[in-house]
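The values are calculated or read from the model by the stated rules, or taken from the named source; none is laboratory data. All figures in this text were calculated on a predicted structure; none of them were measured in a lab. Here the Cβ positions follow ideal geometry from the backbone for every residue, glycine too, while neighbour counts run over all protein chains shown. When the accessible area is computed, the model is the full protein with side chains, heavy atoms only, and any ligands, DNA or RNA have been set aside. Shrake-Rupley method; radii C 1.70, N 1.55, O 1.52, S 1.80 Å.
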Amino acid sequence: MSNFAQIFDAMRNTPMNDWVGGSDPETVGNASANVMRRLLPLNGNSKVLDFGCGIGRVLAALKKDGPDPKNIVGMDIMPPVIDFCNQHLKPNLTNTTFELVNDKNDHYDHFIETNAGKTREALSSQYQDYFTDGCAFSVFTHVTKHDFAGLLKFISSMMVPGGRFLMTCFELNEFSRYMIEHQQTIFPLANKAWWEGGQILVGDANDPLAFIAFDRSLVEKLVWDAGLAISKVEYGCWMGGGIGSSLQDVMICTKLPTLLEKDKIKFTPLVSREAIAGR
Ligand SMILES: C[S@@+](CC[C@H](N)C(=O)[O-])C[C@H]1O[C@@H](n2cnc3c(N)ncnc32)[C@H](O)[C@@H]1O
């Protein structure tokens, strides 16, 4: 039996798989890793951050079928999931480490008794401008606006200039708002509530961080305030109407790159319209 078969079996056998979303961990991991392969420029020199890694479904699936990055670091706030990763993944996967973050999240705090992890500040200086690529699957779908802003700044501080960070979220835009209004979304949102003048939607007012969606303009602002810019979006099928390949919306945020000298820019020459017209 390969290491990966053992790793995914250990995931199947732990109740923590349900803490991070449930379903078969290998299937979920494969789907997420495929999204990364398609949208991030990964190769053997990549240094990858898996932010909110949970039990490591995504990074294990990425390592299984490659490309095998130079380094992967998984970070999470729940001590039991980091213990699981250190016990089942770290000894079997090369160039893979895990960091416990000393942080809070109302949706996960009941799984945290004590947290002796590193602060955001400590990790930010340890990994300053380090990661070429990053991902956060199903993390920004469970955080407050305050944390959305703070976590993006934290993650951005650890990315190299020009580095790409993939996050999933639920975006409120004309289409998704229309579908929500007409009850077409694939989540029932039966007890939903609108916050901040309609800028934020929580799917269940009694458990706001189980599903939280943010207006596109708000996400753009929070991303930009963190020194990043949205450079690609793939919408998810959550909003109904048969669009999207993934469940959640996938956004690539690029950290603002170091600017080039004018003579280093490879310009694309424009076709002369006068020459075409034979003048
Ligand atoms: C729905 S789970 C997804 C786990 C993993 N990304 C996956 O797809 O299998 C969300 C994860 O985000 C983590 N998380 C939530 N808030 C966080 C924070 N402030 N910093 C780091 N991780 C956080 C949770 O502990 C949880 O493991």
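Measuring only protein heavy atoms, the 1.4 Å probe finds W195 accessible over about 100 Å². For the pair E261 and A116, a Förster radius of 41 Å applied to the C-beta separation gives a FRET efficiency near 0.30, rounded to the nearest 0.05. Just the protein heavy atoms count here, and of the accessible area of segment 56-102 at 1.4 Å, carbon and sulfur take up 44 percent.
Calculated mean residue ellipticity at 222 nm for the chain: -8500 deg cm²/dmol, from DSSP H runs with n ≥ 4 weighted as -39500 (n - 2.57), summed, divided by the residue count and rounded to 500. Shown for segment 141-246: the carbon plus sulfur share of the solvent-accessible area, taken with all protein chains present and a 1.4 angstrom probe, equals 53%. The length gained by stretching the chain between Q199 and D68 to full extension, at 0.36 nm per residue less their Cα-Cα distance, is 43.2 nm.
Measuring with a 1.4 angstrom probe and ignoring ligands and nucleic acids, I180 comes out at about 10 Å² accessible. Toward the positive end of the charge dipole of the chain, with +1 on the Cβ of Lys and Arg and -1 on the Cβ of Asp and Glu, the farthest Cα among V58, T114, I77 is that of V58.
Solvent-accessible surface of segment 39-192, taken per residue with a 1.4 Å probe and all protein chains present: 42 Å². Dipole check for segment 155-231: with +1 at the C-beta of Lys and Arg, -1 at the C-beta of Asp and Glu, and the Cα centre as origin, the magnitude is about 180 Debye. For segment 23-40, the residues whose backbone nitrogen is under 18 Å from a point 7 Å from the Cα of I230, taken along Cα to Cβ, are 39-40. When nucleic acids and ligands are ignored and a 1.4 Å probe is applied, T258 ends up with an accessible area of around 100 Å². Extending 7 Å from Cα along the Cβ direction at D18 and again at N173 yields two label points whose distance is 3.6 nm.
For segment 11-40, the residues whose amide N sits under 20 Å from a probe point set 7 Å from the Cα of D207 along the beta carbon direction are 14-25. Each part reduced to its alpha carbon centroid, segment 66-143 and segment 188-229 end up 24 Å apart.
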